[in-house]
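A.B. asks: Below you'll find the structure I mean.
The values are calculated or read from the model by the stated rules, or taken from the named source; none is laboratory data. Bear in mind the structure is a predicted one, so any value in this text is a computation, not a measurement. Virtual Cβ from ideal backbone geometry, glycine too; neighbours counted across all protein chains shown. Areas reflect the complete protein model, heavy atoms only, side chains present, ligands, DNA and RNA absent. Shrake-Rupley method; radii C 1.70, N 1.55, O 1.52, S 1.80 Å.
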Amino acid sequence: MNAPLETSGTSTELTVKTAEEMRELGRRLAALLRPGDLVLLSGELGAGKTTLTRGLGEGLGVRGAVTSPTFVIARVHPSLSGGPALVHVDAYRLSGGLDEMEDLDLDVSLPDSVIVVEWGDGKVEELSEDRLRVFISRAVGDAAPEDDAEDVRTVSVAGYGDRWAAADLAGLTL
């Protein structure tokens, strides 16, 4: 799993204790997003990437239940409020880079949508120099707690490019 990378913009690190807090983080993050934004989500299986995206969908006011697009690769959730659509992509089963994802026409969707790509590291960065990377880490294996109530996540949010150079991510704090 990739570790958080050096950022060319701003970054923050948060502690998330529950699934509801992860959704709330998504809602807060949605308030910062605008059409053309690319968000890459990374983390172990079960870390909370789709839960965060549900919160993004709620915050963006999009139509449809946000669920994992693992088997369909991508889902488009149109806005109910005149804002950007949410394009939710799961690149887990894709081994190639942007070429393999070309059929999804993400480059066409990007100017008018917010595109969120789970497992996108090393695959879609070429879509935009300006992107937000969210890395969710949690204890796994022997270090994982037996009780889900203690399954705390650390979320690192880092901005890349001019779009995020001066962004204030402090408002994401729960």
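A.B. asks: Out of the residues in region 1-52 meeting the condition of being aliphatic (A, V, I, L, M) and open to solvent by 70 Å² or more (accessible area, probe 1.4 Å), tell me which one is modelled with the highest pLDDT.
C.D. replies: Filtering region 1-52 for residues aliphatic (A, V, I, L, M) gives 1, 3, 5, 14, 16, 19, 22, 25, 29-33, 38-41, 45, 47, 52.
Among the residues that remain, those that are also open to solvent by 70 Å² or more (accessible area, probe 1.4 Å) are: 1, 5, 31, 45.
Details: Met1: 41, Leu5: 45, Ala31: 95, Leu45: 90.
The qualifying residue modelled with the highest pLDDT is Ala31.
A.B. asks: Does Ala85 count as open to solvent by 30 Å² or more (accessible area, probe 1.4 Å) and either at pLDDT 90 or above or more than 20 Å from Asp121 (Cβ to Cβ) (or both)? Spell out how you get there, then give the answer.
C.D. replies: Details: open to solvent by 30 Å² or more (accessible area, probe 1.4 Å): no; either at pLDDT 90 or above or more than 20 Å from Asp121 (Cβ to Cβ) (or both): yes.
The answer is no for Ala85.
Condition check ((1) within 23 Å of Gly36 (Cβ to Cβ); (2) modelled with pLDDT under 85; (3) among the hydroxyl-bearing types (Ser, Thr, Tyr)) across all residues:
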position: Trp119; (1), (2), (3): yes, no, no
position: Ser128; (1), (2), (3): yes, no, yes
position: Pro145; (1), (2), (3): no, yes, no
position: Asp148; (1), (2), (3): no, yes, no
position: Arg153; (1), (2), (3): no, no, no
position: Arg163; (1), (2), (3): yes, no, no
position: Asp168; (1), (2), (3): yes, no, no
position: Leu174; (1), (2), (3): no, yes, no
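A.B. asks: Is it true that Leu45 is closer than 14 Å to Trp119 by Cα, among the hydrophobic types (A, V, I, L, M, F, W, C) and in a helix (DSSP H, G or I)? Full working, then the answer.
C.D. replies: Details: closer than 14 Å to Trp119 by Cα: yes; among the hydrophobic types (A, V, I, L, M, F, W, C): yes; in a helix (DSSP H, G or I): no.
Here the answer is no, as Leu45 does not meet what is asked.
A.B. asks: Out of everything in region 93-116 that is out of contact with any helix residue (DSSP H, G or I) (no Cβ under 8 Å at 6 or more places or on another chain) and at pLDDT 85 or above, what residue ends up being farthest from Val39 (Cα to Cα)?
C.D. replies: Filtering region 93-116 for residues out of contact with any helix residue (DSSP H, G or I) (no Cβ under 8 Å at 6 or more places or on another chain) gives 93, 95-96, 99-105, 108-109, 111-113.
Narrowing the set further to residues that are at pLDDT 85 or above leaves 112-113.
Working: Asp112: 14, Ser113: 11 Å.
Per the stated criteria, the residue is Asp112.
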